[in-house]
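One structure is given below, encoded as C-alpha cells.
Bear in mind that the values in this text are calculations on the coordinates, not laboratory data. Just so you know, these numbers come straight off a predicted model, no measurement behind them. Here the Cβ positions follow ideal geometry from the backbone for every residue, glycine too, while neighbour counts run over all protein chains shown.
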Amino acid sequence: MKIWSAVLAGCFVLSFGGAGHAQTTGKETPETLSGRPLDYATLARLPYQQLIKIAQSDARSKPEADFYKLRIQSRNESVKSSDIKLFLDRKTGPLALVVDNDGFVEVPHTKELLAENPDLVANQPKGTLNIYVDLEVPKVTAPDFKEGKVKYQELFRPLVQIQDEMRKVDPTFGLAGQQFVLELETGEEPVKITRELGSRTFRPNAEGKVYMIMESYLFEENPEVSVPKDTRMNVLPATPEEIEDIRSR
C-alpha cells in the first residue's frame, strides 16, 4: 500500500471575537481600557499579544518587524472591507487602524503595546471576522497502514498534530468546532469503519474523494478502518458550513 500525506499548505483562517479584557463593573455597558463605553458581549475583539503572535506566524513576516500586515475579512458577504473599523483599545485613548479596500491592515509592533496588551476591537459582531495568514505547517508522517487497515486514532493523527501546532499560534483554534477534514482520494472504492455495533461505509463522490471529519466518539472507541490500496490522503481546512455538510451525509 502506498499512502501519501499531502500536508496542508497555504492560507489559514483564524477568527476572532471571544476572549479579551472585559471589565466587570456592574454596568450594563462596561467601559474599555480607554474609557469608551462598549458592549463587549457582542463586538469582535482580540488581545494585542495574541494578534502579534498570529502576525509573526505568517510565513512572509519577519520576527521583529515594526509593522505587520494582515488581511481581515467579514464572513458576512454584505460587509465590505471599508465597513470594518478597528482600533487598539489603549489606556491613553483608542488607536485607530485603517483597513484598506482589499482588507489589509497594518498593525504596529512595539514593546509598549506588548506590555499594555490592549484589545483590538472591531465594529463587527464577534465571530464574524477572519484573519488570514500563510503558515508553514509542520510535516507529519503518514498513518501506519497494515494490509490496508489502520486504527481510527492513527488515521486522524496527522490532523490532530496539525491542529495542536495551530493552537500554539491561536489557543482557541478549533475549540468552537473542527477546522480540518481528511480528504481520501480512493477512486471508486469506499472507506469502511468496522465497529462492534456494525460497520459504516464512506463512499467517494463523483471526483473519487471521500471526506471524513474526526468524530469524538469514534476517536475514543478507536475502531479499525479499511482503506483502499494506493489511496492519497490530504489534510484540508474547512468552513463550518463544509463541516456540517460532511456530517450530514
Please report the net charge: other residues with Cβ closer than 11 Å to the Cβ of Pro204, K and R +1, D and E -1. -3
Would you mind counting up the charge near Pro223? Only other residues with Cβ under 9 Å from its Cβ, with Lys and Arg at +1 and Asp and Glu at -1. 0
Using the Karplus curve 6.51 cos²θ - 1.76 cosθ + 1.60 with θ = phi - 60°, what ³J(HN,Hα) values do you get for each residue of the stretch 229-246, in whole Hz, with x for Gly and Pro? 4, 6, 6, 9, 10, 10, 9, 10, x, 8, 7, x, 5, 5, 4, 5, 5, 5
Spelling it out for Arg90: with amide H atoms placed in the peptide plane at 1.01 Å from N, the residues 5 or more places away or on another chain with amide H under 5 Å from its amide H are Leu95
Whole-Hz Karplus couplings 3J(HN,Hα) for the stretch 124-133, θ = phi - 60° and coefficients 6.51, -1.76, 1.60, Gly and Pro as x, run 10, x, 4, x, 9, 10, 10, 10, 9, 9
